[in-house]
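A.B. asks: Pasting in a structure now, in C-alpha cells, and then I'll have a few things to ask.
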Amino acid sequence: MRVDIPSYDVNIRSIDSMLSPAEIASRHPVDEDMARQIKGYRDSVRAILSGEDRRLLAIVGPCSIHDTEAALDYAHRLKALSDKLSDRFFFVMRTYFEKPRTTVGWKGLVLDPDLDGSYDIDKGLLTARSLLVEITRIGLAVGCEMLDPIIPQYIDELISWASIGARTTESQTHRNLASGLSFPVGFKNSTSGELNNAVNAIRSASSPSSFIGIDKQGRSAIYRTAGNDMCHLILRGGDRSPNYYEDEVELARRKLEEASLRQAIIIDCSHGNSRKDFRRQKRVLRNIIDQVVWGDDAIRGFMLESNLEEGNQPIGEHMAYGVSITDACIGWDETERILSSAASILREAAEGRARREL
C-alpha cells in the first residue's frame, strides 16, 4: 500500500507498506518437526566450533541465489554429497540473498527478485523464505550473510549459521544484531586483511547489548540481548595478500587467545584468499586440509563458492542455467571432486593416527 510522503522528505520518491514478519511466516511456516531439525543443525555447528565435534564445517554454495529452481537443483546434489562425506564434514548450504555493493549493482534476491530494479521486496522475502523451507526439507542446514538488520526477523528461525561481511564487521548495528541471534555468527576480517576489527566485533557481539528493531508484527521494539557465545573469526584474505597460510592462521589464533576468545577459525576459500580467481579455491582448500592433517585444531571449517556451472555472467535476457550473476564460482563437478578428495585425505590421516595408537 502506498503511503503519503511528508513534504520535508525531499529525496523520498515513494513509501510502500510491507508485509510483517508474522504475515510472511504464516505463508511459509516452520512446524515443530522442522524446528527440531533446525535446532539439531545449530547444535552440530556449535559442537564443531567448540571442538566437541572434530568434523569440519563446510559452508558451500552459490555466491548468491537468483534462480530458485537452480538453487533447489544444487541443494539436492549437495545433500547427496553430504550423505557420502558426513563423517568428515557437516555441510551448510550458502543461501545468500543480499549482496553488499561497493558502488551500484544488483543487491540480491530479497531486494530485487525480478532482477530489473523494481525492488518488489515483499516478493523477495516470500521467495527467500519459501526456498529456505524447501532446502531444509531436503535435509540441509542453511547459512546467510546478515546485511540488512530488519531482514533476519523474516527468516532467522530457519538459519543455522550466518556471517557478517568484511564491509560491515565494524558496524555497531551488526555487532548488536549478532549478539541477539540464536545461531553461530562468523565475522570476516576487513577487506584490507586487518584482523583487529573482526576480533573486536566478536568481543562486542559476545556481550549483552540493546538495540532498536522490529518485532514479528512489524512494530518498533527494543531488543535486549544476552550476547552470542558462538561468534567466531572468518579469514577471507585482504586486498594485498591471502591470509590462509600457516603463519597467518597462527597470528589469528594468537589474537583470539590474547582477547580471551574461543580459538575457532573458518577460512574463506574465495575473495582475497583466492585473489578473486575462482579456480584458486581448490588450492586454498588443499592448504586448509594439510594444516588440519598436521594438527591445527583452530581451523574449524571453510567456505567455498560453488554453483551448478562454473564462472559468472551478467544479468540479461538470456542467462545460462546454474551460473552465478555475482562472483564467479566453481562448477558442481569440481565441487564434488575436491570435497571428496579432501574427505579422503582426512580419513587416511585419521586411520593412520588410529593405527599408531594401537
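A.B. asks: Could you look at segment 201-323 and say what percent of its accessible area is carbon and sulfur, using a 1.4 Å probe and all protein chains?
C.D. replies: For segment 201-323, the apolar C and S fraction of the accessible surface comes to 44 percent.
A.B. asks: Okay, next question. Quick one: of K84/K276; K84/K123; K188/K255; K188/K282; K99/K188, which pairs are farther than 26 Å apart, Cα to Cα?
C.D. replies: K84/K276; K84/K123
A.B. asks: Quick one: with all protein chains in place, what share of the accessible area of segment 123-191 is carbon or sulfur, to the nearest percent (1.4 Å probe)?
C.D. replies: Of all accessible area on segment 123-191, carbon and sulfur atoms account for 44 percent.
A.B. asks: Run the reach check for K79 against lysines, Cα to Cα strictly under 19 Å, same-chain hits fewer than 8 apart removed. What comes back?
C.D. replies: By straight Cα distance, K79 reaches K39.
A.B. asks: Residue separation times 0.36 nm, minus the C-alpha to C-alpha distance between M319 and Q172: what's the value?
C.D. replies: Result: 49.1 nm gained on full extension.
A.B. asks: Using just the Cα positions, wrap segment 307-358 in a convex hull and report its mean projected area in square nanometres, one decimal place.
C.D. replies: Computing the convex hull of the Cα atoms and averaging its projections yields 4.0 nm².
A.B. asks: Continuing with the same structure: Return the percentage of antiparallel bridges among DSSP beta bridges fully within segment 216-358, rounded to the nearest 5 %.
C.D. replies: Once the DSSP bridges in segment 216-358 are tallied, antiparallel ones form about 10 percent.
A.B. asks: Under unit Cβ charges (Lys, Arg +1; Asp, Glu -1), what dipole magnitude, rounded to 20 debye, does the chain have relative to its Cα centre?
C.D. replies: So the dipole magnitude of the chain works out to roughly 840 debye.
A.B. asks: Enter the accessible area per residue of segment 87-130 (Å², integer; probe 1.4 Å; all protein chains in place).
C.D. replies: 38
A.B. asks: Between the alpha-carbon centers of segment 84-148 and segment 20-61, tell me the distance in whole angstrom.
C.D. replies: What the calculation gives is 15 Å, centre to centre.
A.B. asks: Considering only the chain, what is the antiparallel percent among its DSSP beta bridges, to the nearest 5?
C.D. replies: Counting DSSP beta bridges with both partners in the chain, the antiparallel share is about 20 percent.
A.B. asks: On to the next question. Give me the percent relative contact order of the chain, please, defined on Cα pairs under 8 angstrom at least 6 residues apart.
C.D. replies: 16
A.B. asks: So what is the relative contact order for segment 1-89, in percent, with contacts set as C-alpha pairs under 8 Å and at least six apart?
C.D. replies: This gives 18 percent for segment 1-89.
A.B. asks: Here's another thing I want to ask about it. Would you mind computing, in nm to one decimal, how far apart the modelled labels at V10 and K255 are, each placed 7 Å from Cα along Cα→Cβ?
C.D. replies: The two pseudo-label positions are separated by 4.3 nm.
A.B. asks: So with the 1.4 Å probe, I'd like the accessible area per residue for segment 243-308, rounded to whole Å².
C.D. replies: Accessible surface, normalised per residue, equals 46 Å².
A.B. asks: Residues of segment 1-79: accessible area per residue at 1.4 Å, in Å²?
C.D. replies: Accessible surface, normalised per residue, equals 58 Å².
A.B. asks: Determine, for each peptide in 231-238, 244-251, 317-324, the mean count of other beta carbons within 10 angstrom over its residues, then list the peptides with the highest first.
C.D. replies: So the peptides 231-238, 244-251, 317-324, ranked by packing, come out 231-238, 244-251, 317-324.
A.B. asks: Something else about it: Want the number for E134 to S182: 0.36 nm per residue separation, take away the alpha-carbon distance, what's left?
C.D. replies: 15.2 nm
A.B. asks: Let me ask you something else. Given 25 °C and 0.890 mPa s, compute D for the chain with the Stokes-Einstein relation, Rh being the Kirkwood radius over Cα pairs; round to the nearest whole µm²/s.
C.D. replies: Roughly 117 µm²/s, to the nearest whole number.
The values are calculated or read from the model by the stated rules, or taken from the named source; none is laboratory data. None of the values given here were measured: they were computed from a predicted structure. All Cβ positions, even for glycine, are placed from backbone atoms using ideal geometry, and neighbour counts span all protein chains on display. Accessible surface areas use protein heavy atoms only, side chains included; no ligands, DNA or RNA. Shrake-Rupley method; radii C 1.70, N 1.55, O 1.52, S 1.80 Å.
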